[in-house]
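What follows is a set of notes on a single structure, which appears directly below.
Read-outs throughout are calculated quantities, based only on the coordinates presented, and are distinct from any laboratory measurement. Note that the structure is a prediction, hence the values are computed from the model and not measured. Glycine gets a Cβ as well: all are built from the backbone with ideal geometry, and neighbour counts include every protein chain shown.
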């Protein structure tokens with residue numbers, strides 16, 4: 001076959017099974033777009049490359065299949081960086097292809113030239129600067145293999161324009177890149193793990209994104225049931241265990257239900273599955289699960305012992321490890337521990353004030369959940385609304401909940417929802433967002449309108465950077481600064497201006513009916529819900545503090561302590577180089 | 001007691017002697033950015049680097065002079081994740097591997113009386129379990 005580098009890329013992407021690519025064209029990627037012109041691949045024109053990156057992430061997170069996004073050189077590449085970094089921290093398989101100036105011009109500060117390779121080293125699993133069309137024959141499949149193997153992650157392929165235009169004859173096509181076989185654990189590991197589990201009187205499973213990436217959700221549930229072991233989840237592990245399951249404790253960490261953190265405090269064996277002991281989950285790491293031995297299973301060897309030294313660390317695919325454990329574990333009731341867990345849960349339930357009021361945070365999340373049903377996919381942005389959803393939405397299956405965990409990127413929610421809707425056209429997608437977050441990628445409402453995606457944006461509008469305001473209230477003596485938006489935009493009017501249906505619950509006489517209608521709309525739709533600026537997320541663990549010290553809604557004493565404690569908890573306490 | 005005094009004057013690097021890692025990497029212009037950037041990003045210490053192409057020019061060999069401390073295992077595991085790093089081996093010769101380089105550069109040989117290890121960057125991170133401890137001002141994001 002006679003083609004050029006750009007044609008080769010498109011053909012290789014088709015062979016990978018790629019059907020949809022979000023992106024924005026520019027000078028250095030025009031040969032690629034010329035090749036896409038004759039392809040069956042559907043290009044989704046985003047309105048900002050960061051939007052394109054998060055649309056691709058939404059596709060990948062909702063399906064587990066690697067997704068591709070395109071950007072041109074220079075600003076196209078720099079605009080993609082945040083979405084790529086986000087994929088790195090949350091281990092999402094993403095292949096970002098960028099145009100680069102012709103090789104003859106590289107290093108001359110040419111128009112729209114930037115060192116994309118150098119910029120993306122720290123935020124990718126791997127990256128390439130392609131120097132010939134023939135190289136693409138192994139680079140493209142290898143990029144997909146790397147993005148999906150073991151712990152998934154983003155891969156960048158930077159392709160100079162002359163390489164895109166270079167003529168090439170292809171005689172034989174390479175096999176599409178697929179994930180390497182899952183890493184098994186050794187029999188010694190299995191024996192050790194089973195011994196720890198058999199020995200434990202008060203075990204807890206803590207599950208994370210690795211469980212979802214490994215497709216091991218059912219195995220987690222079966223192990224928990226067989227051993228009568230309660231299960232807590234990190235933010236990204238939500239959905240891997242059904243929220244209504246009697247053994248499920250909900251989210252752990254900074255905004256966990258008090259009972260969940262207290263149960264972890266008392267456990268004598270913590271089984272960490274596909275987790276990385278993130279500080280938002282552990283609180284002060286040295287005081288996390290102080291009485292527990294730790295069994296840590298992760299496919300990434302460098303996570304074992306990075307934060308917490310495990311009693312036994314097993315480098316393996318979580319699914320493979322759990323299958324091996326299950327073969328050797330006998331059913332075991334743990335009546336004393338079950339009773340203690342039940343006691344703690346009864347005494348320290350998550351308080352959800354306003355749970356019956358559609359116009360207050362918990363009530364809104366509950367109402368949307370009830371109306372949207374189990375089939376819905378939920379995305380969020382970052383902030384208070386994200387935590388309210390994480391606490392209160394009853395997730396029932398993996399890949400139902402898409403949120404920016406590690407990087408905590410405001411602006412994630414809307415484009416990720418568009419991506420999820422493109423990848424799963426038979427499902428409704430709800431994007432919970434805040435006014436601060438929505439403004440960071442609001443231009444993607446145009447993409448949503450153009451693609452007519454089934455995305456319902458639920459905007460919790462408190463005219464503040466709510467979680468910043470909350471930290472200023474609790475830890476900075478109430479000295480509010482730069483957390484209030486004085487000019488409050490009319491979001492419903494803005495959405496309509498983009499061609500998106502919009503409703504404002506501030507003026508609705510029957511809010512529940514409006515919400516129900518919005519969740520039935522065939523195309524994109526936005527519902528703005530005014531939220532009191534004073535509404536905070538509780539409980540809250542002071543950043544850097546141990547998880548047992550939770551600040552509650554009605555605890556002025558601990559508040560005062562916390563705000564006086566800037567010495568230990570101040571945000572300005574940076575690591576000294 | 002004299003022993004104790006001497007111990008107090010000991011630098012961190014004396015307590016954590018140096019070790020040399022030998023890597024085989026894919027030979028291309030960006031590979032040293034991957035390796036060096038990793039040390040910088042993870043606050044690992046590296047005292048010396050030497051790199052030359054192997055007989056097979058598609059590969060390079062890299063020598064890294066690093067401190068042997070509690071974090072060495074983590075350094076090796078992070079290096080192993082780099083796609084361009086094909087092989088990691090601990091050099092038996094230890095500090096001696098850099099002796100010739102030191103002469104060529106006119107620098108003190110590692111382990112010699114004049115040798116000063118690269119600062120104490122990342123010292124606070126040695127106690128990883130102390131992450132979040134107010135003493136080291138970490139973990140308060």
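Worth a mention:
- Ordering A:424, A:431 from the fewest to the most neighbouring beta carbons within 10 Å gives A:424, A:431.
- Solvent-free Debye calculation, one equal scatterer per alpha-carbon of segment A:1-130: log10 I(q)/I(0) at 0.22 Å⁻¹ equals -1.42.
- Average beta carbon contacts from partner chains per residue of A:299-308, 10 Å cutoff: 5
- Among A:44-50, B:21-27, the order from most to least packed when residues are scored by Cβ within 10 Å on average: A:44-50, B:21-27
- Shielding by partners - mean other protein chain Cβ count within 10 Å, residues of B:74-81: 4
- For segment A:187-347, alpha-carbon Rg relative to the globular expectation (2.2 N^0.38 Å, N residues): 0.91
- Scoring A:314-322, B:54-62, A:379-387, A:51-59 by mean Cβ neighbours within 10 Å over their residues and listing the highest first yields A:51-59, A:379-387, A:314-322, B:54-62.
- The calculated 222 nm mean residue ellipticity attributable to helices in chain A amounts to -11000 deg cm²/dmol, summing -39500 (n - 2.57) over DSSP H runs of n ≥ 4 and dividing by all residues.
- Ellipsoid semi-axes in whole angstrom, largest first, where each is sqrt(5λ) of the Cα gyration tensor of the protein assembly as shown: 40, 36, 25
- Shielding by other protein chains, A:118-125, mean Cβ within 10 Å: 3
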